[in-house]
Amino acid sequence: MTRNTQVNGERRYDVVVVGAGPAGLSAALMRGRARRSVLVIDEGRPRNAPAAHMHGFLSRDGMAPGDLLQAGRREVESYGGTVQAGRVVSVVRDGDGFAIGLDTGRTVRARRLLATAGVVDELPDVPGLASRWGRDVVHCPYCHGWEIRDQPIGVLATGPLGVKQALLFRQWTDRLTLLLHTAPRLTDEEGEQLAARRITVVDGEVTAVEVAEDRLSGVCLASGKHIPLRALAVAPQPYPRADFLTGLGLGPTAHPSGLGAYIAADATGLTTVPGVWVAGNLADPNANVLASAASGSMAAGAINGDLIAEDTRHAVRVHRDPFSPASEARVCEQVLGARRHGL
């Protein structure tokens, strides 16, 4: 069970979770079921908010992202967890735990911290693109490919991974165009691969995304040429929402894929700072909703194991101290038995 502790008359939670997305809520649910006190602080800016539906989540395919989060909050609260709105602005060491500062001026305390605040996607700077994000401007074929299958799809190349993305989206349509935009020139091998897969390659910078009747209709090139499309795939640069961790010496690391950054951690989500874990897109910007929820569950198990080890060390110290209240009670019972309660 949790050790109920207070600091300066204030409650100290076993775990504070920053972010109430799939990772954070999954972790909080596990913490509640493990009889730990848990507070979830959420800024209310989920990464997939522009999307009407989520896919690839077994038994929840097609569910609205907001519905999943509402269900998760209810489950967390049913086990005694608390979910509250707020933005974390700072985290500092506080004895053997952490003091978490909120934008309201309030400070909450925790024995352990789990950051699941997610990432911000930096989109290519093309007029009209951002307003279609999550609708017919997409990045993940496993999330959106089925819905745009067999339609004319463009891949906007902004770096060396554009060819790989085009080859990936080719699985969903044979009407695919790779827009070279600002990407490097193709190598001979890349050109051969694209030709073999019958992917059209278009040179020239894209200057605008065009829309008709609230649907993407194509893109316009600097030359004035119009390329008709029904969907556009892009590669956003995801960056962690983790400024609040800088006080602990934790900052973003460039992702090995070349896309954005993340907070480095081990397989359980433990960072280089003892007592601090990360999960979800903060730890892996490529993780989908299901993978993010799984990483939160994994981190929750590791955190509970760490707390159990600390609780055990505390219990051993008390057990060994002959003058502790627990030791005195134990000796009194051995010497006096039932008589210790008086007549």
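Any residue at all in segment 127-148 that is touching a Phe, Trp or Tyr at 6+ places or on another chain (Cβ under 8 Å), modelled with pLDDT of 95 or more and hydrophobic (A, V, I, L, M, F, W, C)?
Taking every residue of segment 127-148 in turn, at least one turns out to be touching a Phe, Trp or Tyr at 6+ places or on another chain (Cβ under 8 Å), modelled with pLDDT of 95 or more and hydrophobic (A, V, I, L, M, F, W, C).
Just the residues that are closer than 20 Å to Arg111 by Cβ and either among the aliphatic types (A, V, I, L, M) or not in a loop (DSSP other than H, G, I, E, B) (or both), please, taken from segment 264-281.
Answer for segment 264-281, where residues must be closer than 20 Å to Arg111 by Cβ and either among the aliphatic types (A, V, I, L, M) or not in a loop (DSSP other than H, G, I, E, B) (or both): Ala265, Leu270, Val273, Val276, Trp277, Val278, Ala279.
Would you mention how many residues in segment 265-288 are surrounded by fewer than 15 Cβ atoms within 10 Å (Cβ to Cβ) and over 14 Å from Ala300 (Cα atoms)?
Of the residues in that region, 3 qualify.
It is to be established whether one or more residues within segment 288-306 are of a type in the set (A, V, I, L, M, F, W, C), in a loop (DSSP other than H, G, I, E, B) and without any contact (Cβ under 8 Å) to a residue 12 or more places away in the chain. Quick ask: steps written out before the conclusion?
Of all residues in segment 288-306, those of a type in the set (A, V, I, L, M, F, W, C) come to 289-291, 293-294, 298-300, 302-303.
Now drop any that are not in a loop (DSSP other than H, G, I, E, B), which leaves none.
Checked against the condition, which is being of a type in the set (A, V, I, L, M, F, W, C), in a loop (DSSP other than H, G, I, E, B) and without any contact (Cβ under 8 Å) to a residue 12 or more places away in the chain, segment 288-306 yields no hits at all.
Just to verify a result, which residue in segment 30-52, among those that are farther than 19 Å from Ser295 by Cα and not aliphatic (A, V, I, L, M), is least open to solvent (accessible area, probe 1.4 Å)?
Going through segment 30-52, the residues farther than 19 Å from Ser295 by Cα turn out to be 35, 37, 43-45, 49-52.
Then drop every residue that is not not aliphatic (A, V, I, L, M), which leaves 35, 37, 43-45, 50.
Details: Arg35: 145, Ser37: 12, Glu43: 86, Gly44: 51, Arg45: 121, Pro50: 64 Å².
Checked segment 30-52; the qualifying residue least open to solvent (accessible area, probe 1.4 Å) is Ser37.
Anything in segment 53-68 that is open to solvent by 60 Å² or more (accessible area, probe 1.4 Å), at negative phi and part of a loop (DSSP other than H, G, I, E, B)? List them, or say none.
Residues satisfying the conditions are His53, Leu58, Arg60, Asp61.
All but one of (1) surrounded by fewer than 16 Cβ atoms within 10 Å (Cβ to Cβ); (2) assigned to a loop (DSSP other than H, G, I, E, B); (3) in contact (Cβ under 8 Å) with a residue 24 or more places away in the chain hold for Gly251, so report the exception by its number.
(3)
Could we say that Ala166 is crowded, with 21+ Cβ neighbours inside 10 Å, within 27 Å of the chain's Cα centre (by Cα), part of a helix (DSSP H, G or I) and at negative phi here?
So Ala166 fits the description; yes.
Do any strands (runs of 3 or more DSSP E) lying entirely in segment 179-247 carry at least 1 residues that are within 30 Å of Phe98 (Cβ to Cβ), and which ones are they? Before the answer, list the steps.
Details: elements: 200-202, 206-212, 215-221, 226-228, 231-233, 237-240.
So the answer is 237-240.
Scan segment 188-229 residue by residue and report those that are open to solvent by less than 50 Å² (accessible area, probe 1.4 Å) and β-branched (Val, Ile, Thr).
Ile199, Val202, Val206, Val209, Val219, Ile227
The values are calculated or read from the model by the stated rules, or taken from the named source; none is laboratory data. Quick caveat, the model's predicted, so the values are computed rather than measured. Note that each Cβ is placed from the backbone with ideal geometry, even for glycine, and that neighbours are counted across all protein chains shown. Accessible surface areas use protein heavy atoms only, side chains included; no ligands, DNA or RNA. Shrake-Rupley method; radii C 1.70, N 1.55, O 1.52, S 1.80 Å.
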